[in-house]
Each structure stands twice: as structure tokens, then as C-alpha cells.
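First up is the structure itself, then whatever we jot down about it.
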Amino acid sequence: MSQTASQPNVEPAGDGVPPHRYTPALAQQIELSWQDRWEADGTFHTPNPTGPLSSGFEKVADRPKAFVMDMFPYPSGAGLHVGHPLGYLGTDVTSRFLRMDGHNVLHPMGYDAFGLPAEQFAVQTGQHPRITTEANIAAIRAQLRRLGVDHDDRRSFATIDPGYYRWTQWIFLQIFGSWFDPDAGKARPIEDLIAGLDAGTRAPAAGTNPSGRPWAELDEVERRKVVDAHRLAYLHQAPVNWCPGLGTVLSNEEVTPDGRSERGNFPVFRRPLTQWMMRITAYADRLLDDLDRLDWSDSLKLMQRNWIGRSTGARIGFSCGERTIEVFTTRPDTLFGATYMVLAPEHPLVSSLAAAAWPDGTDPRWTGGAATPAEAVEAYQRQASRRSELDRQDAGREKTGVWLGVTAVNPVNGRELPVFIADYVLTGYGTGAIMAVPGEDTRDYEFAEVFGLPVVRTVQPPVGFDGGAYTGAGPMINSANEEISLDGLDKVTAIATITDWLVEHGHGEATTTYKLRDWLFSRQRYWGEPFPILYDENDLPVAVPASMLPVLLPEVDDYSPKTFADDDATSAPEPPLSRATEWTTVELDLGDGPRTYRRETNTMPNWAGSCWYYLRYLDPSDDERLVDPELERYWLGPQSPGDVGGVDLYVGGVEHAVLHLLYARFWHKVLFDLGHVSSEEPFRRLVNQGYISAFAYTDERGFYVPAAEVVENSGQFFHEGKPVSREYGKIGKSLKNMVTPDDMIGAYGADTFRVYEMSTGPLDQSRPWETKAVVGSQRLLARIWRVVVDEQTGVVRAADGEPDEETLRVLHRTIAGVRDGFATLRFNIAIARITELTNHLTAAYGAKAPVPRTVAEPLVLLVAPLAPHIGEELWSRLGHDSSLAWHAFPVADERWLVEDTVQVAVQVNGKVRAQVTVPADADAAALEAAARADEKIAGHLDGATVRRVVAVPGRLVNFVLG
RNA sequence: GCGGGAGUGGUGUAACGGCAGCCACGCCAGACUUAGGAUCUGGUGCCUUCGGGCGUGCGGGUUCGAUUCCCGCCUCCCGCACCA
């Protein structure tokens, strides 16, 4: 098996080019040959400790494991451009390095294949989305193979495989079948809840029992509704993001800040609809707190923290006639400064609170020009619902609102506070109602100005403060009643004091709220996982038994949901599956005799399949269970007490910071609570790879011209002789700056492409693409080739002799540097060190003397993770029968990392004035003596007073003159 | 507006608080060439009176010494944004 790729039929490379030069044609020949051999030999098959993939595990049983993973791609029809492989190559280099360095490495790849583009293509063409999706997967798989990545191909799958989504449905049933026990702080099986309710040891949670009657008195249907309201997956009628243009509802995360759909950019409206929700809010604290235990970038953690948006404060009740208005505030200390109240226009109390008529002397600004409060409210609510999210969130807009004609009572001082509705108060956050403190809140101050409301300061602003609201720190003022006084207190003490008082008098309590909302989990699409849910004759949801999974996606004639005019806010969703009439109705015996059930016709959102795919890699053939616990413990389990476990390196784009990464953590924690996994988190270490952008060029008319045809001439850019202007942006067809990996592999080979991508900066850094610079990587590989192979004869040139000491020092410095670069994902510094070694060998040995084998072999091993094909080829030519993929990575010998003598800089007053060479172990005194002996330094010191001498052994000497 | 990150040659970048610019692209020169958009070798931060001087966005500070640490400002990028 030691035959090499290039022995026969190398074509003459052209006039003057040596026949055995490392040309792109030779590189491609070598690459294809080694890709075939890796596949035939199963070189990258990773052994599991047990089960069907465990063959060969004894070879690696004593190795530490390393689970290295990419965010799997969505198989779009557009194929890959040069920006896509950056992360894939980063994990590939890492996994190859770790394998050589003695780890059992799992580096798999799969496909996230449900989703909108394939469905929309299917709607246009009538072709089943599975057909296009599978064709796209095959194309991307071929592209990845041609890059030489070391994925274990036995472990690949797509989320659309019934054998996969069967378990996606199974997990849904686990979530549906459990509730969050606030006492235990974790999910538990729903049967435990029912047992507690039956035994009377547990009462229905607040808001789950509308009738208010005791559990024991409820009938069967009422009980089921109470239980269903506790589930982690539950049906809920609430305002959701309805997108008529797409014909589906969307999660908050899928709606852009300006109130449009992330996909398609259609307007989104808030509409009350009954939909499946997942109770991710129950996990808000754990999702937040466990971020501290993850090796993720600070910026990414911050994005999740902001999205979860925990804030602590108080809930305070304000009496308003017969009713109580509950508000949430983070500043209960400013309660004495509340001068009015505001409800969100959609607040449920609004209509019942509105007065019958305006009191005499009502400020005309407060009525909205309406004859009665009811009319004013109705008009304002209509206006608010029509207003797009963009308008409504524009903080710069003048405040609007109307008075309800009533007042509420400030519990702390009895002050009568007029109650308004205004759209600057959001219905979904806190209680949807606020106490307005214009003295210390900018928005309240703006509203108070427009409506002529009083301002009471309760925090002393600094002298000279002439702004409106004062939001800074300062002592409390104007904050006392007969029982308590906050005056003079600081903010923290005042909050504690007033909160105690509120609790004592039954007016409120300390509380925490979150920006995070429950996850809207149903979509009115065809191309997604069907819900394993049936509805019985009471229209209540029933789980499909696990034994009957998967619920297969039925064939339909029309893949599109009914869509509507973009702005038709009152339209209602109609999922494609509802038209599969033979499928929607089913007769089953679920243990109580045959009955007729109606199937859930929504499908799961795009994110469902990516929530757990890392578990499936452990054994994608498992039909018995979600994952073998032994495999999960081995690959994902905690590595030490307190460790969260999870994938050891997860690389992907930052665009998933609050979508996929939050949802997957949530599912994983539910699975952990229910005992299906031993790890608390799915992704221990996460790195966001940078983006590759490219220059694009426009002509005088502003049209893009093909970037590949633009030439530069002394700083100016020209296309067909005419000047063009340069822009910088995404790679793609629209900017006419598309460059594909296939283009680069065709021109240079995969190894050169890999080395170039890795050389342009640390993995997490974004960078521009520059095709003309790729040749530098090609030159490097050609020089390495020339170290081992004679370009004229093709004969291997490695010598048996010993390298000189200087070469050994460079070699071992290189080994240390390359290891550092690989370990920290700074492949650019690894390549710089390899280049130095190569350049040194070229200069020291040149074309005449062969490089000693003891240096040439480590060089090949060092470059192999980056450029595996040329690595294998040279390794093979050096006489090794087996792949270097499993050969030990070189280890630096400390002996050669320390120099005998070192050059140290000599500074005078911090400026370098000379270099002296001293023994490496010279102490400070010897260093100073050597420095003083230098002519230049002696000149500088002559006649001056040396106030101080700083001598750092091995580094420098600094004379400080007085 | 709030929060985070980043500013180093023409370009991508590199430097345990210790000689700023490793490595590469580009550019310049040379070699080999009928030729060079191949390959190889050398040079390449700026200024210079050739002694040297100045240089890591700007201004301060800490230090014997700052690209690195601290403070303020400017610019760019990212995230969030009427979240009470």
C-alpha cells in the first residue's frame, strides 16, 4: 500500500518547468489519489467505545477523546463559495492535529435540511423538496470531500431522514410529557405533577386553572387542561408574529428589529393565534447562569445575556377603583416620584378600567379628541395595532397616548395618579403596565412634557443639572411618609427599604423579569417535522405513542401554505398539511379502544433539527434509543467534577448567537433533567469563525462588473480600460465577486487553498479574500516539496546525516510555534513558523545538499494537518507504509529551545543603543558588565550619572541616566 | 441612546509589559530566459545633512521601559434598542 500517486503519467509541465515540480496539476493528482485511499482504508473512521461503530476502539482506548464539530450546513442550491469552508477547514486542521497528538477524535458532518428555500423551490417547480435537497447535499458532500476534510462519513445524516426526525419527534414528546418543577428547579415527568395534584401535595400553578375550583372537583377535561397548561410544550393563544406574505407565524428570534421576517423581508403583524409554545422561560436562570461555565467568547455570552434580559426589581400593585394595576419596576426606590401610570394599549384591563365619561375640565391633550374615554381607547388601540413594529419602536418618535378617565392610588403616599394607555409601554414585558416617574426616567419625562404632567424629583441631581429626567446616582429626596423615609439613602439601600415596606403592607414583592419569551414552536409549512400530536374529540392534544414514531411527512399536491397580501394583517394561517385530508384524520387504539383523532397539521420550526444533531453523530444508526448513555458519557460527559461536558470544540457563525445556540442549550437541559444525557451543556467550547468578504467593483453607471476582470494600475482600478470604483462586501453573484473553492482547487489544488485560507489570520477573525495572494501558499508547498523531492529526477532527497545545531534550533522552535498556533486556532502563526523552517532549510541546504531525514520528516508531519495530501504523499515517498494521519505529532525538545548565547538589547533611557551577545545564562551583573564594555554604550555613559540600571537576564539592559 | 470589540507599513497580519513590523501578498532590483503573469536570489515603515531622527488612531497616566496596563477622546465594526 505504499504506492504513491505521482509515479507514472506526470505530464511534462511545460518548457523549462522541471518534470517533478509541485505544480497544480501534480497537486490535484496527488489529492484525488489520497482522497480515494482515505475512503478505501477508512482512515478517518472514529471508533466508539461500544456498539456498532466500536471496531478498533482498543487502539485508542487509552487516548483522551476530542469531539470537534462544525455547525452543519443548510444544503442550499447555490453551493459553497470560498468563505464557507473557513470554519470547516479550521476544525479539520484541529481534528487532524489532535488525532496525531494522541486523541480519539470525532469530527463528523451532517446536513440541516428542512427549511424554506427547498420548499419555495418546490412550490415553484412542483418537484418534491426532498429531491432538490438530496441533490444539494450530494453536491456539498462532494465539495467537502474534494477539500480533503477528515469527516467520518459513516456518521453523516440529514435532519430530513425519517430515522433522524423520528427522534426529533421523540424529544418533542419528552418535552410535551414534562413540566418544570419550580421547587426542584428542573423538568420532571408530567406524571409526577398529576400524582402530586391527586395526592393534594401540589396545587395548580398560578394561571393554569381558570375555574379556580379545587383539583378534586374538576372533571376529566378540566383536569387535562390544567395539566396541559403546565407542560414544557403547550398550546397557547397569544399574540404571535403572523407573517401573511409567508403564510406562517414566526418566533421572536426570526423577526428583525424593524418588524419584518428574517427570511423574505415581509411585514410581520402581532395577532392572537393558538400555537405550540416551548417554555424556554422556565430555564431563563439556568441558561443565563451556566454561561459562566462555558468556554465561549465574552461577546457571544453577552448577546445571550442581553437576549435573556434578566432584570430584578419589584412588582407593585396600585388600586384603581375595584381593581389593582400591577406594574413591574427596576426602580421601586423612585416610587414617591410616580405622577401617573401607563398601560400598554393591549393590556387586558384597559376596557374595564375606562371611565364612562371625561370628568369636567379634562385637559384636551389627554382625550385624543374623542367624546368619551371608550371612544378614545378604541381609536388609540386601532391606531397602535396598525402601526408597524418599526414605527412603534422608534424611540425618537413623539410620545402619544390617551387617558382612561380614571386615577389609581400610589400606595406609598396616596397620591392620585391618572392612568393612560400609550404605545411606549410594551405588552409583552414585565406586566405591560408601568408607574411613570418623569423625574428619573427619560421616556416618562418626554410623555409628561407632551401631556403636561407634573414632575417630582426623588433623586438629588448634581448642582447645575438642567436636563429633564435625571437617571444618575444621588441621594434620595422627597421620599417620606409617616412610616418610612428614604431621604438621604443611596439607590441600593432605598430599593431594599421600600421593597420591605411594600411587602409588609401587601402592596408588592421583589421579583425578576426577563426579556426572553417562550419559544413559538409551530409553523404553517410543509417542509418540516410533523408534530407527533393528535387531537381527541375534546380537541385536546394527545401524544402519539413512541412506538408509532416517526410520524412521516405525508405526500401532498401543493407544498405552499396559503399566503396573503403582505399587509393583510387579518388573514389566518392555513398549513399545507391540513389539505392532506387522508392523513389528517386517523383511527387509533391508544389503549381505550379505537377512536378517531385529528392530526396536528403544523410542522416544527427550522431550528428543531439542529437542537440535538450533535447527539446523533455518536451513532446515527441507533433505532432503539435517542443515544446510548455510554456513548454520551464518553463523548460528551463531564470530564471533571463540576464540568458541564459537551462538544469540545464547536465552530460556526455568529449569526446563530441567539437562535440555534439558545434553543439547543434549552433542549439539552431538558434532556439532562429527564436523565437522557449526563452533560449539562451541549457545547463546552464555542468559536465563531470570521467571515470572508471580497472586493466588488462598480462602473460609472453604478453597475457591478465581474471582479475577476478588474485590473489595478497604481492604485486605480479598471475594467475593460474604464475606471471602476471599489467596494467591499459579501461574496456572491449579486456583487459579481463570486469565487468558489472549485475555482481555487482547479487553479492551485486543495492543499494550497487550505493553507491560504488558514494563513490569512486567526480563525475568529474576518478578512478579505484576495485571489492574487493565494500563490504565496502554493510557493510554500512547492518549497516543502523540493525539500523532499528532486524536481528533475523525482528522487527522494532525504539524507541520513545529522542536522547542524542551528537547524535543530529552528526545527524545535517551529514545532513549539506550530503546536501553539494549532492549539489556539491561530493557524496563521503556525504557517509562519513552518515557512521560516522551510526557508531556513532551503537556504542552508539548497539544491545541492539533501536535508537530513530527521528534519525533513518532522517538517512533513508539521504541515500535514494544514495540507494533508502533500503531507501524505511526501510521507509515503519517505518510505512510510501507513498514513501519517495516525502518526505522532512532533514534540519540541526543550534542549533546542534554549540558546547558548543570546543577543540582548542595551537601552539608554529606554532607547535601544546597542546589541551585545552574552551567554544565555548570564546574570544581571554579567549583563551590565557586557553592556558597559560596548563602545557605543560607553560613549553614552561617558560623563553622565547612571541613576539606575535595569538588567533583565536574557532580555535587555537599560541604563537610566540622571 | 446602551453594551461589546477593534484601530500597527501599500495589503493580510506578528510581537510573556522588554530590539515594533515575524510570515506572506504587492512593489523594486538582480539571476535564469526568445519571452515572463513561471521559478530562484536580494531589497522594501517614514524622514535623513547618513550622525541619526520619527514611527503602533489622538491626548494624558502608571512604569527604568507601553502596540500591550489605566483614564479621556476620535473613527470603524458588531449586538441590543421606548425592556420600565
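The values are calculated or read from the model by the stated rules, or taken from the named source; none is laboratory data. If you're wondering where the values come from, they're calculated on a predicted model, not measured in any experiment. Glycine also receives a Cβ, built like all others from the backbone with ideal geometry; neighbour counts cover every protein chain displayed. For the accessible areas, the whole protein counts, side chains as well, though only heavy atoms, and no ligand, DNA or RNA atoms are used. Shrake-Rupley method; radii C 1.70, N 1.55, O 1.52, S 1.80 Å.
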(message) If I fit a long axis through the Cα atoms of helix A:116-125 and take the longest principal axis of the Cα atoms of chain A, what angle between them do I get, 0 to 90°, rounded to 10?
(response) 90
(request) Calculate for chain A the 222 nm mean residue ellipticity that helices alone would give, adding -39,500 (n - 2.57) per DSSP H run of length 4 or more and normalising by residue count, nearest 500 deg cm²/dmol. (result) -9500 deg cm²/dmol
(request) Loop only per DSSP, at most 14 neighbouring Cβ atoms within 10 Å: give me the GluC sites (Glu not before Pro) in the stretch A:697-760, ordered by residue number. (result) A:Glu700, A:Glu720
(request) Could you bin all the Cα-Cα distances of the stretch A:190-279 into 5 Å bins starting at 0 and give me the percent of pairs in each, rounded to whole numbers? (result) 3, 13, 20, 16, 11, 9, 10, 9, 6, 3, 0
(request) State the dimensionless ratio Rg/Rh of the stretch A:724-872 (Rg: radius of gyration of Cα atoms; Rh: Kirkwood radius). (result) 1.04
(message) How high is the relative contact order of chain A? Use alpha-carbon pairs under 8 Å, at least six apart in sequence, and give a whole percent.
(response) 14
(message) Could you work out the pair-distance distribution P(r) of chain A from its alpha-carbon pairs, with 10 angstrom bin width and percents rounded to whole numbers?
(response) 2, 9, 15, 18, 17, 15, 12, 7, 4, 1, 0
(request) Take peptides A:242-250, A:443-451, A:597-605, A:771-779 and line them up by average Cβ neighbours within 10 Å, highest first, as a rough protection proxy. (result) A:242-250, A:597-605, A:443-451, A:771-779
(request) Could you tell me how many degrees, from 0 to 90 and to the nearest 10, lie between the Cα long axis of helix A:750-759 and the main elongation axis, the longest principal axis, of the Cα atoms of chain A? (result) 70
(request) Using the heavy atoms of the protein chains and a 1.4 angstrom probe, tell me the accessible area per residue for the stretch A:369-479 in square angstrom. (result) 45
(request) Mind scanning A:Lys65/A:Lys730; A:Lys301/A:Lys491; A:Lys301/A:Lys515; A:Lys562/A:Lys730 and naming the pairs with a C-alpha gap bigger than 25 Å? (result) A:Lys65/A:Lys730; A:Lys301/A:Lys491; A:Lys562/A:Lys730
(message) Rounded to the nearest 20 debye, what is the charge dipole size of chain A about its Cα centre when +1 sits on each Lys and Arg Cβ and -1 on each Asp and Glu Cβ?
(response) 1700
(message) Given an 8 Å cut-off on Cα distances and at least 6 residues of separation, report the relative contact order of the stretch A:899-961 as a percent.
(response) 40
(message) Could you work out what % of the accessible surface of the stretch A:282-351 is carbon and sulfur, using a 1.4 angstrom probe and leaving DNA, RNA and ligands out of the count?
(response) 46
(request) List, in order, the whole-Hz ³J(HN,Hα) value for each residue of the stretch A:220-233 obtained from phi through the Karplus relation with A = 6.51, B = -1.76, C = 1.60 and θ = phi - 60°; use x for Gly and Pro. (result) 4, 5, 4, 4, 5, 5, 5, 5, 4, 6, 8, 5, 6, 10
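For a Förster distance of 51 Å, can you work out the FRET efficiency between the beta-carbons of A:Ala905 and A:Glu727, rounded to the nearest 0.05?
Taking R0 as 51 Å, the efficiency between A:Ala905 and A:Glu727 is 0.70.
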(message) Suppose we take every Cα in the stretch A:858-944 and form the convex hull; what volume per residue is that in Å³?
(response) 152
(request) Report the FRET efficiency, 1/(1 + (r/R0)^6), for A:Lys772 and A:Glu806, where r is their Cβ-Cβ distance and R0 is 45 Å, rounded to 0.05. (result) 0.85
(request) Please report the Cα spread of the stretch A:899-961 along all three principal axes, rounded to whole Å, starting with the longest. (result) 34, 19, 17
(request) Write out the trypsin sites (Lys or Arg not before Pro) in the stretch A:668-743 meeting two conditions: DSSP loop, and at most 15 other Cβ atoms within 10 Å of their Cβ. (result) A:Arg701, A:Lys733
(request) Quick one: compute the contact order of the stretch A:337-455, relative version, from alpha carbon pairs under 8 angstrom and 6+ residues apart, as a percent. (result) 39
(request) Within 10 Å, count the other beta carbons around each residue, average over each peptide in A:326-336, A:653-663, A:196-206, A:859-869, and list them highest first. (result) A:859-869, A:326-336, A:653-663, A:196-206
(message) Using only the alpha-carbon atoms, how far is helix A:85-100 inclined from the longest principal axis of chain A? Give it as 0 to 90 degrees, nearest 10.
(response) 60
(request) Would you please calculate the Kirkwood hydrodynamic radius of the stretch A:692-738 over all C-alpha pairs and express it in Å, rounded to one decimal? (result) 10.4
(request) From zero up to wherever the largest Cα-Cα distance of the stretch A:311-513 sits, split into 10 Å bins and tell me the percent of pairs in each. (result) 9, 36, 36, 17, 2
(message) In whole percent, and with a 1.4 Å probe on the protein chains, what portion of the accessible area of the stretch A:899-961 is carbon and sulfur?
(response) 47
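For A:Lys562 and A:Asp923 in one chain, what is 0.36 nm times their gap in residues minus the Cα-Cα distance, to one decimal in nm?
121.7 nm
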(message) Probe radius 1.4 Å, ligands and nucleic acids ignored: give me the carbon and sulfur share of the accessible area of the stretch A:136-276 as a rounded percent.
(response) 52
(message) If you average the alpha carbon positions of the stretch A:200-253 and of the stretch A:639-660, how far apart do those two centres end up, in angstrom?
(response) 32
